[in-house]
Amino acid sequence: MTIDVGANPVQIFAIRHGETAWSLSGQHTGTTDLPLTENGRLLATKLRAVLAGQSFAAVFVSPMQRARDTCALAGLASTARVDGDLGEWNYGAYEGLTLAQIREKAPGWIVFRDGCPGGESPAQVGARVDRIISRARAVRGDVALFAHGHVLRVLVARWIGLPPAAGVNFLLDTGSFCVLGHYGDIPAVKTWNAPLSDAPHGQGRSR
């Protein structure tokens, strides 16, 4: 698979980590530091060929091992810098729960609107994402980010000038990649939730 970056400069390649046991079961995984499943490792390895033709001026990765291992398996660990702002949403009291379990406690709950008791609010995650975007825009050249489903969904919303709550409109599978660039000088989305068509057993749950 190759990526056509077109005539406009691409600034950010955003990659969600490979499958974990909790991403497969639909449990919210924020601060719990789970490893990749074997399938997750295989999927992350396939990213190496996808990204091989790209040259990155900077690579940033979440502190969580699922993101760091995805980065390593994709072949970019040697230049990666850990960035705490790329950590997943802190789910607080909802850590480890599925959406159905959370909605038993809070009917109609949506993380992008309601945040998490004992965890982060949408505004707090949005502030982290804004710092990531500022750092990425200061780099001369393309940037790769290895992170998590919900934080990357807020990132794409903020990239195009929408509030953090707009992350609800961008589904994102495990082991997928996204390309954020420009239409002229206007921030735009070039590629979102791009699948690896030959990934074994399909992709992980969208979040």
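The values are calculated or read from the model by the stated rules, or taken from the named source; none is laboratory data. Small disclaimer: the values here were computed from a predicted structure and weren't measured. Heads up, the Cβs are rebuilt from the backbone with ideal geometry, glycines too, and the neighbour counts pull from every protein chain shown.
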Mind checking whether some residue in region 15-29 is modelled with pLDDT of 95 or more and more than 22 Å from residue 97 (Cα to Cα)? yes
Just to verify a result, which residue in region 42-72, among those that are without any contact (Cβ under 8 Å) to a residue 60 or more places away in the chain and more than 16 Å from the chain's Cα centre (by Cα), is farthest from residue 141 (Cα to Cα)? 45
What's the number of the condition residue 161 fails, among (1) of a type in the set (Gly, Ala, Ser); (2) surrounded by fewer than 19 Cβ atoms within 10 Å (Cβ to Cβ); (3) assigned to a helix (DSSP H, G or I)? (3)
Name the residue that is farthest from the chain's Cα centre (by Cα), counting only residues in region 73-99 that are in a helix (DSSP H, G or I) and in contact (Cβ under 8 Å) with a residue 24 or more places away in the chain. 93
Scan 168, 139, 156 and give me the residue that is of a type outside the set (Lys, Arg) and either part of a strand (DSSP E or B) or at pLDDT below 95 (or both). 139
